[in-house]
Amino acid sequence: MNEEQRKDGQQAINPSDKKSDKDYSKYFETVYTPPSLKEAKKRGKEEVTYHHDFKIDERFQGMGRERNFYIRTYGCQMNEHDTEVMAGIFMALGYKAVHTPEEADVILLNTCAIRENAENKVFGELGFLKQLKRDNPNLLLGVCGCMSQEESVVNKILKSYHHVDMIFGTHNIHRLPEILNEAYLSKEMVVEVWSKEGDVIENLPKVRRGNIKAWVNIMYGCDKFCTYCIVPYTRGKERSRRPDEIIREVRHLAAQGYQEVTLLGQNVNAYGKDLDDMKYGLGELMDEIRHIGIPRVRFMTSHPRDFDDQLIEVLAKGGNLMDHIHLPVQSGSTDVLKIMARKYTREGYLELVRKIKAAIPNVTLTTDIIVGYPNETDEQFEETMSLYREVGFELAYTYIYSPREGTPAAKMVDNVPMEVKKARLQRLNALVNELAGESMKKYEGQVVDVLIEGESKKNPDVLAGYTSKSKLVNVKAPKSAIGKIIPVKITEAKTWSLDGEAVEIQKMAGVN
Ligand code: SAH
Ligand code: SF4
Ligand code: F3S
């Protein structure tokens, strides 16, 4: 599809029509650009182009004068980062950020499609926002993010959520000014969701949350197609940013005084595979970035499959490269991993863990696990339990498998009753808690470096921050410590957090 056709495609639906229960298929070809699962499945045929030419069209200058925006973000860091970009575009258009939907003239829900309950939350919120829209008919309401890439979601909104004004996809974020303009002019539902493989757009404005920690995309999309997962369909194909662009961004963050940078991607270990003109991977990138004056460097999320020796060697150099690796395993059973199409075995994963531990003896490993995959047997689940203990994970995000329309797993017959899945999750969570508690206990009496981020959510007299291993610490320290890495003596360990006191509080009081 070329640019002109796309523009033609992005048109509005007549509001009187959208309120009816008509068959919308007649719009599918002519009146708007809906997502297409079939298109999203294709890989490798479309060239990735790098754009440096984003600019706000003169027509839209001042569009946001006297107007406020509010973005609610669901899902992962990829979405959080997209929100930073959309906030940047809003500000460039003259809008002001507000903290509640009630104060806003434009509300965006930046959605996540990873599990059914993530989607249900968004539909619940859309129901709630209907009242705001009634009170203020000039309010614009938009749905973007991963859910908008799904055909079934767009159809459901068209059918039952007529108060939505705009739906746009993850490949359409840079078109926000055009989409807003269209929504203002027509007051009709604008749908613009490209199901393309994806481009890389370099010079989008962004407004970062906070000035202590920053997230930097190093790649976009995912080509792994794990059989349960919706992400390869919602985010397009794997495409890496050029190393010089990433390094420039990190240097800039260092110059601004950021203390921590997390390199982001669905699958960061595949970084560089698509850079045809150079042999350059995550290992090389980390090796360059560790020389930039940022005190803490992290990356997420790693896929075990592409975790190579070169990267392990670089991480072993330590320094500002943090000794915590999040390495999702999903299951401890080779048979289940095979059906999941994870492309590694239990033994392969354990071998990788052995290599990492040999190179970085003090490493902390955390993981993601899915229980109750279609037809998972008791024995297969037990293998997950035994692997968990064998690796000695310090934390895990655990989920009951949730079928996602359009993925291969959603078509599988599933003989595991929901009660069994829930019971497995409970047992796994008990193990996760046990090992998390044990790993925390070891800190009692020790002194650890903590990056202080601000006041604790529960008690403003206490500050909160994280260790190099991503453990939350509540610290008694003067406010002047915010934004700094300080030594903290741990006084008490809890299951999910540590309590501590700044070493040399007296000296700290002098810091400003
Ligand atoms: N790219 C990352 C994962 C991103 S999604 C990786 O491959 O490790 C975050 C986590 O959500 C996954 O690790 C998986 O544990 C979980 N997840 C993804 N799809 C799911 C589904 N359909 N049902 C339940 N959990 C799912
Ligand atoms: Fe989903 Fe697998 Fe890609 Fe992770 S690697 S985003 S789980 S398809
Ligand atoms: Fe959710 Fe999309 Fe992230 S599905 S987990 S927001 S990539």
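Readers should treat all values here as calculations from the given coordinates under stated rules, not as data from a laboratory. The structure presented is a predicted model; accordingly, all values stated were derived computationally and were not measured. Note that each Cβ is placed from the backbone with ideal geometry, even for glycine, and that neighbours are counted across all protein chains shown.
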Practice problem: Sort out for me the Cα centre separation of the stretch 210-246 from the stretch 154-175, rounded to whole Å. | Solution: 22
Exercise. Can you check how the C-alpha radius of gyration of the stretch 15-196 compares to 2.2 N^0.38 Å, as a plain ratio?
Key: 1.00
Self-check item: Computed over the stretch 351-407, Kirkwood Rh from alpha-carbon pairs, angstrom
Solution: 13.1
Quiz item: Cα-Cα pairs above 13 Å in the stretch 162-212: how many percent?
Solution: 65
Quiz item: For Asp378 and Glu58, what does the FRET efficiency come to when R0 = 51 Å and r is the distance between their Cβ atoms, rounded to the nearest 0.05?
Solution: 0.20
Exercise. Report P(r) for the stretch 366-503: all Cα-Cα distances, bin width 10 Å, range 0 to the bin holding the largest distance, values in whole percent.
Key: 12, 32, 23, 18, 13, 2
Self-check item: Over 27 Å between alpha carbons, listed pairs Lys213/Lys422; Lys343/Lys442; Lys206/Lys237
Solution: Lys213/Lys422; Lys343/Lys442
Quiz item: In nm², what is the average projected area of the convex hull enclosing the Cα atoms of the stretch 197-256?
Solution: 5.1
Quiz item: Under a point spin-label approximation (7 Å from Cα along Cα-to-Cβ), what is the Glu492-Glu405 distance to one decimal in nm?
Solution: 4.9
Quiz item: For the stretch 447-508, what is the convex hull volume of its Cα atoms per residue in Å³?
Solution: 72
Quiz item: Reported to two decimal places, what Rg/Rh ratio describes the stretch 200-438 when computed on Cα atoms with Rh from the Kirkwood expression?
Solution: 0.98
Quiz prompt | 5 angstrom amide H check on Leu498, placed H, neighbours 5+ away | solution = Leu472, Val473, Asn474
Practice problem: Let me know the charge dipole size of the chain about its Cα centre in debye, to the nearest 20, where only the beta-carbon of Lys, Arg (+1) and Asp, Glu (-1) is charged. | Solution: 660
Quiz prompt | Column: log10 I(q)/I(0), Debye, Cα scatterers of the chain, q = 0.10 Å⁻¹ | solution = -0.88
Self-check item: Pairwise label distance in nanometres, Glu80 with Arg290, each label 7 Å out on the Cα-Cβ vector
Solution: 2.4
Self-check item: Computed helical MRE - 222 nm, the chain, DSSP H runs ≥ 4 contributing -39500 (n - 2.57), nearest 500
Solution: -10000 deg cm²/dmol
Practice problem: For a quick protection proxy, order the peptides 313-319, 167-173 by their average other-Cβ count within 10 Å, most packed first. | Solution: 167-173, 313-319
Quiz prompt | Positive-end residue, the stretch 176-254 charge dipole about Cα centroid, Cβ charges, pick of Trp215, Asn181, Tyr233 | solution = Trp215
Quiz prompt | Distance from the stretch 376-442 to the stretch 259-319 (C-alpha centre basis), Å | solution = 28
Quiz item: Rounded, prolate or oblate: which one fits the stretch 143-291, using the alpha carbon gyration tensor with axes a ≥ b ≥ c (rounded when a/c is under 1.5, else prolate when a/b beats b/c, else oblate)?
Solution: prolate
